[in-house]
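What follows is a set of notes on a single structure, which appears directly below.
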Amino acid sequence: MKIVVCIKQVPATGADKRYAEDLRLDRAGVEAIINPLDEYAIEQALRLVDDGSVENVTYLSMGPEQASEALRRALAMGGDDAVLVTDPALAGADEWGTAKVLAAALDKLAPDVALMGMASDDARGSLVPGAVAAMRNLPLLSYGAELNVADDAARVRRLSATGYDWLSAPLPLVATVTDQVGEPRYASLKGIMAAKRKPMQTWSLSDIGLSAGDLRGAALTRVTDTRPPEEKPPTERIENLPAAEAATKIADWLTTRKLI
Amino acid sequence: MTYLPTADHDELRAMVRELASERIARRAAEIDEKAEFPWDLKDLLASQDLLGTCFSEDHGGTALDTLAQTILVEEISRADATTSLIPIVQKLGALPIILAGTTEQKDRYFPRLASGEWLIAFALTEAAAGSDVAANTMRATREGDNYVLNGSKRFITHGSIASVLTVFALTDPAAGGRKGMSAFIVETDTPGFAAPRVEHKMGIRGSPTAELTFDDVRVPAENRLGEEGEGFKIAMATLDRSRLSIAAQAVGIAQGALDASVSYAAEREQFGQRVADFQGIQWMLADMASQTEASRQLTYAAAARVDAEAQDLPYWTSSAKLVAGDTAMRVTTDAVQVLGGYGYITEYPVERMMRDAKITQLYEGTQQIQRLIVARQLLQRAGVAKRG
């Protein structure tokens, strides 16, 4: 059983974000990390290795050369090898371009499960997993709080309004998991040392059978505007009151807004 | 000889810093208050392979260079000095075996020490023999294939929780401590061994400092380290290296206090401006930062001398421990001053750091002993022979 975990290198969550002239995120000189939501996908894959249901974990990322640092960090947590797809033609790729590239790379890697985080911390489009599944004509099991794999099928436990649903689909497939998976492990010192010796391949577009023309400039979308979120109204605090009085005030507040 | 950290050192620092800030720092106040050994953090460090950095890969360790081991201690200590003693003492206790042990002794003990399954302690100090190591009185008498140990030790860090000890005892009392002392590996489940008392301390309160008693403790002769009479030499060679860990601990404590001071000064407002905007505070912060950095660089320089097996190693490690220990005391005291009343209460970490800093001026050789060592080295270099 083989899993490919797709990861994205993103600017550190707390880092100051700047935009380039084309209104895309300027990544130069910003501390970069593994997309925190992808770390849950890594953790899920490694737990399946720990319990013996998966033999091989490969990491796949599309990005500039420096994204190899994220792959190396993932390898320090566990797993076997990594592939970076990097090509000058991929600069400015949007969700469609990214999905196209990942789908082609996954066709080549042919895993039983292509596993992803539920969203990226920088763009939060959440479109790539679905697009990859559609392009590869495979089932998508999304938003798993847990992923199991068996001989010829996988299933996810997904949080619903009333509890949990179990969804299953035949392999191969695409799956995404949420932060309900459990805390991602820390890389151990031996893991960090071993990661330096694990194989990492770099593929260009031609290695996955695509050309710059197929990518149509890597993006079908264009960013027309960016702006900081509007400031929220100040938080109203109800403090230093007896519990019953505080509860009444909160209930009144909610009632006047027709929330209860 | 270079001692600038490499990319590998930076990677290790980032790894330990993440672990320390996310998992260790938040436990520090509770460990201090309850004076309980943090077994959970021992397990955490073990699971991350951070207790085996001084052991070879064959023994399950990671064989990091001394600078890397220094950075490890510094980064843990920055969050909590008590927890930094776990790797410090694991190395301190093992150093006599690293320096003088046989292959069989290393094969037998190192795997369990590298994995953290067993803790080790270094049992040299006695109630009446602190700085004056040669005044030790504990006895080891040869009886057939065994040595029989009798006596007591005091101020032994982790002595009550270790599974194994390196113990120094007189095999030839007539020859005195310098010539008549030998070193032994003692497993603490040996009959006759006890740790009857743990000290109540000012700082590093989660780290048990124990009194140990040996009542006819029989140790197989194969557990002797080196030859009979080499104990003093092994102890000194150990301390020449291990005191560097204390320098690293001191640098970490100072950096932790500096970090807390800067963030407090940047947030706290008095007289309508941030505390950090007062020049009087800026001057304090600048002195704290530059002195901490000087201590760090001297400690790194000394670390490089350990791996280079420098002839004048004691000069470097004693200088580093002397400067870093005094710096930690001064910087933590100033940190309490920067925080004012808040610095004096347990709501903020700097009063704990100030109490923790004091021990770095005392253990593994007081600052006065360090000066003695530095002065002797200095006079040796100048060709001035010792008189009397």
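Quick notes on this structure:
- Qualifying position, being within 14 Å of chain B (Cβ to nearest Cβ), touching a Leu at 6+ places or on another chain (Cβ under 8 Å) and touching a residue at least 24 places away in the same chain (Cβ under 8 Å), among A:Ala175, A:Ala145, A:Ala195: A:Ala195
Residues checked against (1) in contact with a helix residue (DSSP H, G or I) (Cβ under 7 Å, 6 or more places away or on another chain); (2) over 23 Å from B:Tyr300 (Cα atoms); (3) not β-branched (Val, Ile, Thr):
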site: B:Leu4; (1), (2), (3): no, no, yes
site: B:Arg17; (1), (2), (3): yes, no, yes
site: B:Ser21; (1), (2), (3): yes, no, yes
site: B:Glu36; (1), (2), (3): no, yes, yes
site: B:Asp65; (1), (2), (3): yes, no, yes
site: B:Glu75; (1), (2), (3): yes, no, yes
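- Residue list for the stretch B:270-283, filter: of a type in the set (D, E, K, R) and touching a helix residue (DSSP H, G or I) at 6+ places or on another chain (Cβ under 7 Å): B:Arg274
- Flag for B:Arg178 being in contact (Cβ under 8 Å) with a residue 40 or more places away in the chain, closer than 14 Å to B:Glu230 by Cα and open to solvent by 60 Å² or more (accessible area, probe 1.4 Å): yes
- Any pair with Cβ under 9 angstrom, 6 or more apart, that starts in the stretch B:1-30 at a residue that is more than 14 Å from every other protein chain (Cβ to nearest Cβ) and ends at one that is of a type in the set (S, T, N, Q): B:Tyr3/B:Gln297; B:Arg27/B:Thr83; B:Ala28/B:Thr82; B:Ala28/B:Thr83; B:Ala29/B:Thr346
- Residue list for the stretch A:64-81, restricted to those being within 30 Å of A:Ala212 (Cα to Cα), buried (at least 21 other Cβ atoms within 10 Å of the Cβ) and touching a Lys or Arg at 6+ places or on another chain (Cβ under 7 Å): A:Leu75
- Options B:Ala162, B:Ala235, B:Ala183, B:Ala195; residue that is at pLDDT 95 or above, buried (at least 21 other Cβ atoms within 10 Å of the Cβ) and in a strand (DSSP E or B): B:Ala183
- Any hit, the stretch B:59-69, residues being open to solvent by 20 Å² or more (accessible area, probe 1.4 Å), within 14 Å of A:Leu189 (Cβ to Cβ), at pLDDT 95 or above and part of a helix (DSSP H, G or I): yes
For (1) modelled with pLDDT of 95 or more; (2) aliphatic (A, V, I, L, M); (3) open to solvent by less than 10 Å² (accessible area, probe 1.4 Å), each residue gets a yes or a no:
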residue: B:Ser263; (1), (2), (3): yes, no, no
residue: B:Asp287; (1), (2), (3): yes, no, no
residue: B:Thr292; (1), (2), (3): yes, no, yes
residue: B:Thr299; (1), (2), (3): yes, no, yes
residue: B:Met329; (1), (2), (3): yes, yes, no
residue: B:Ala335; (1), (2), (3): yes, yes, yes
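- Any hit, the stretch A:43-62, residues being open to solvent by 30 Å² or more (accessible area, probe 1.4 Å) and under 16 Å from A:Trp203 (Cβ atoms): yes
- Residue among B:Ala320, B:Ala310, B:Ala357 that alone is under 14 Å from B:Leu244 (Cβ atoms) and either of a type in the set (Asp, Glu) or part of a helix (DSSP H, G or I) (or both): B:Ala320
- With respect to the conditions (1) open to solvent by 80 Å² or more (accessible area, probe 1.4 Å); (2) within 14 Å of chain B (Cβ to nearest Cβ); (3) not hydroxyl-bearing (Ser, Thr, Tyr), A:Pro170 lacks only one, and its number is (2).
- Residue within the stretch B:86-95 that is within 14 Å of chain A (Cβ to nearest Cβ), farther than 29 Å from B:Leu225 by Cβ and in a helix (DSSP H, G or I) present: no
- Criterion (within 16 Å of the chain's Cα centre (by Cα), outside any loop (DSSP other than H, G, I, E, B) and in contact (Cβ under 8 Å) with a residue 12 or more places away in the chain) met by exactly one of B:Ala121, B:Ala134, B:Ala140: B:Ala121
- Criterion applied to A:Thr98, A:Thr86 was being more than 24 Å from A:Val181 (Cβ to Cβ) and open to solvent by less than 50 Å² (accessible area, probe 1.4 Å), and the one residue passing it is A:Thr86.
- Of all residues in the stretch B:31-47, those satisfying the criterion of being more than 12 Å from chain A (Cβ to nearest Cβ) and in contact (Cβ under 8 Å) with a residue 40 or more places away in the chain are B:Ile31, B:Asp32, B:Glu33, B:Lys34, B:Ala35, B:Glu36, B:Phe37, B:Pro38, B:Leu41, B:Lys42, B:Asp43.
- For B:Leu50: the one exception among (1) within 12 Å of chain A (Cβ to nearest Cβ); (2) open to solvent by 60 Å² or more (accessible area, probe 1.4 Å): (2)
- Screening A:Ile33 against (1) open to solvent by 10 Å² or more (accessible area, probe 1.4 Å); (2) of a type in the set (A, V, I, L, M); (3) part of a loop (DSSP other than H, G, I, E, B) leaves a single unmet condition, (3).
- Scanning the stretch A:111-157 for residues being at pLDDT below 95 and under 17 Å from A:Val54 (Cβ atoms) gives a total of 3.
- Screening the stretch A:204-260 for residues that are among the β-branched types (Val, Ile, Thr) and either modelled with pLDDT of 90 or more or under 30 Å from A:Ala104 (Cα atoms) (or both) and picking the one that is surrounded by the fewest Cβ atoms within 10 Å (Cβ to Cβ) gives A:Thr224.
The values are calculated or read from the model by the stated rules, or taken from the named source; none is laboratory data. Owing to the predicted nature of the structure, the values given are computational and were not obtained by experimental measurement. Note that each Cβ is placed from the backbone with ideal geometry, even for glycine, and that neighbours are counted across all protein chains shown. The protein model used for the area step is the full one, side chains on, heavy atoms only, and it has no ligands, DNA or RNA in it. Shrake-Rupley method; radii C 1.70, N 1.55, O 1.52, S 1.80 Å.
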